[in-house]
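See structure below.
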Amino acid sequence: MHAVGIVAAAGSGSRLGADRPKALVPLAGRPLVRWAVDGLLAGGVTEVVVTIPAAHRAEFEAVLPAGVLVVEGGATRTASVRAGLAAADPAATAVLVHDAARPLTPPDVVARVLTALAAGAPAVVPVLPVVDTTVLVGEDGVIAEAVPRAPLRRVQTPQGFDLQTLVRAYAALPDGAELTDDAAVVRAAGVPVITVPGDERSAKVTVSHDLTLAELAVTLDGPSGTVAR
Ligand code: CTP
Ligand code: MG
């Protein structure tokens, strides 16, 4: 399957609070964006587009492997993915949209998403169950009700799509509409989204504690198997 990866890496990482854009922050000596790109390639994606903050092109180009296409992202994740999609090879059959902020996503997860697409699914997301009791809390801070947790899932990336399905869904999305992930974009266009098992190692790096945990995971578990360091 000819699958192109889009890595959203144009955010600043304000909650991480590092001295550089989050995607350039090193984990075990390798920038988060490089981990994310290597994981996609190891899982079966054949080419990658990375969306970056415009002011940092040289730093990104210096750390990405040859052949990766670097394009300027936008002010929001939605705008950044739009820019990446516009640069993706239109001859590809599938597209996987991934966050640079999920550096340790195992290649197995990427392969599961690709397998579901090859079997004909138009849209696929990796998910995990919710293990904590989950409740709705009112503005007064008092629990209003408990949410039945059995059907709840946490959604991760990479999210996979038939390329033309995602292109059409973004084209139909009104300018300025901001959705938090790409599954929401295709769902807004009426496309069913199937799920495959995600992985705790795909956890998103948002605050500095997440980076501490990721460093520990690399030290104790190794880099999910396939990526040579
Ligand atoms: N992203 C992007 N373009 C944006 C905003 C975010 O490509 N304008 C990317 C980020 O680089 C990240 C992914 O979307 O890989 C998920 O976003 P998030 O974790 O929120 O990263 P940041 O927006 O950089 O972090 P923060 O919200 O703390 O500023
Ligand atoms: Mg953000």
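The table that follows gives values for the structure above.
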| quantity | calculated |
| --- | --- |
| Net lengthening on full extension, GLN164/GLU178 (0.36 nm per residue, minus Cα-Cα) | 3.0 nm |
| Whole-number percent relative contact order across the range 95-215, with pairs defined as alpha carbons under 8 Å at least 6 apart | 39 percent |
| Separation of the THR115 and THR93 label points, Cα + 7 Å toward Cβ, nm | 1.7 nm |
| Peptides ranked, highest mean first, by Cβ atoms within 10 Å: ranges 121-134, 26-39 | 26-39, 121-134 |
| Cα gyration tensor shape of the chain, rounded if a/c is under 1.5, else prolate or oblate by comparing a/b with b/c | rounded |
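Taken together, the values in this text are just the output of simple stated rules run on the coordinates, not laboratory data. If you're wondering where the values come from, they're calculated on a predicted model, not measured in any experiment. Every residue, glycine as well, gets a Cβ built from its backbone with ideal geometry; the counts of neighbours run over all protein chains shown.
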